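Notes to accompany the following structure.
Every number here is computed from the coordinates shown, using simple stated rules; none is lab data. Keep in mind that what you see is a predicted model, and the values were worked out from it rather than measured. FYI the Cβ positions are ideal-geometry reconstructions off the backbone, even for glycines, and counts take in every protein chain you see.
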Amino acid sequence: MQNISKMFQSATLKLTGWYLAGIVIIGIIFSILVYNFASGELYARFEVIETRLAQDTTPQQQSGFDFQSVRDRQLAEAKQNIIGMLVYANLAVLAIACIASYILARRALKPIESAHEAQTKFTSDASHELKTPLAVMKTELEVILSDKNATKQDYREILESNLEEVDRLSDLSSTLLKLAKLEYSALEWRKFNITETIDIAIRSLGDRAERVDIAAMKKLPDIEANPSSITELVVVLLDNALKYSPPKSRVTIKLQRRVRAVELSVTNTGKGISPEQLPYIFSRFYRADNSRTKEAEASYGLGLPLAKKIVELHHGELSATSQPGVFTTFSVKLPLSQTRSL
């Protein structure tokens, strides 16, 4: 990690140098143009003065006055003053440019550095999450193979346990692929009725759908979005609400019309989320340990980050409010048109 930091610091300094080089070149060109323009103006003014003196004075008056010498002396002094002013101005610009170039270089590289740090952390977390079930499977297999008195039932239990871990790994890889696809694939937009999409998402929950109540306005406008992504979003929010609530409690999904948007909210009861945890719940692999249920223990903490990414790609807003021990509500505001959101 230290090498990465040094690499970005080096890149920042190099980019700062390129910015300064460009500013110096522009400054030199500009100074030459200013110098030539000012010198030309001075020559032109002195020529006008010389012409007027020649017209307004007699030869006798001109004999004691060397106008050319005075002109050359004044021009030399003026050029020195111009050069001095340009040098000081360029030094001042260079000093300001050094600071500005470094700030601009940092700002230009900051998104790349942040993305690299996020990717590194994501890779590290994913490796850890993959390593845990593999270690469990390996340990169980080693134990059963070393047990000479193991029965057929013992082998069956180990295989069932390993199958559960394989299912968890399959879910993890599937979610990671969805996140990767959202990062690099362009979504296709079309108009559709979000109420119908929510019905599809609820039916996909199977038996758990019986715990879901719908409160929606009768007339909601069609939204411009990606239907499959919105279905995935609703499934994630409902699945999260069902996992982190008592087994027989109700989960309510509500639809409301907003100004040029539709708001979808999912509310459940249970332990809720503490104020200290709320800022982190959309981070990948984050799990609020004190709000887990037995069913939620298999979660990898990727559902809410997936939901957030879907909402961001739809130029919407996703927020969460919770009163520990009472309720938790996730609210999604989706624009009616993607054209207006761009």
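Things to note:
- Footprinting exposure proxy for Arg106, Arg168, Arg156 (fewest neighbouring C-beta atoms within 10 Å first): Arg156, Arg106, Arg168
- Footprinting exposure proxy for Val48, Val34 (fewest neighbouring C-beta atoms within 10 Å first): Val48, Val34
- Antiparallel %, DSSP beta bridges [both residues in the chain], to 5: 85
- Annotation: extensible slack from Ser124 through Val34 equals 26.7 nm (criterion: 0.36 nm per residue apart, minus Cα-Cα distance).
- Glu276-Glu47 pseudo-label distance in nm [points 7 Å out on the Cα-to-Cβ vector]: 8.2
- Folded to 0 to 90 degrees: helix 67-146 orientation relative to the chain principal axis, Cα: 10
- Choice from Gly84, Gly206, Gly272 showing the highest fluctuation, given a GNM over the chain with Cα pairs closer than 10 Å: Gly84
- Dipole magnitude of the chain about its Cα centre (Cβ charges: Lys, Arg +1; Asp, Glu -1), debye to nearest 20: 700
- Straight-distance candidates among the lysines for linking to Lys14, with alpha-carbon spacing under 19 Å and chain neighbours fewer than 8 residues away dropped: Lys6, Lys110.
- Mean residue ellipticity (222 nm) of the chain, computed from DSSP H runs ≥ 4 via -39,500 (n - 2.57), nearest 500: -22500 deg cm²/dmol
- Simple point charges give the picture: +1 on the Cβ of Lys and Arg, -1 on the Cβ of Asp and Glu, and for segment 190-341 a dipole about the Cα centre of about 280 debye.
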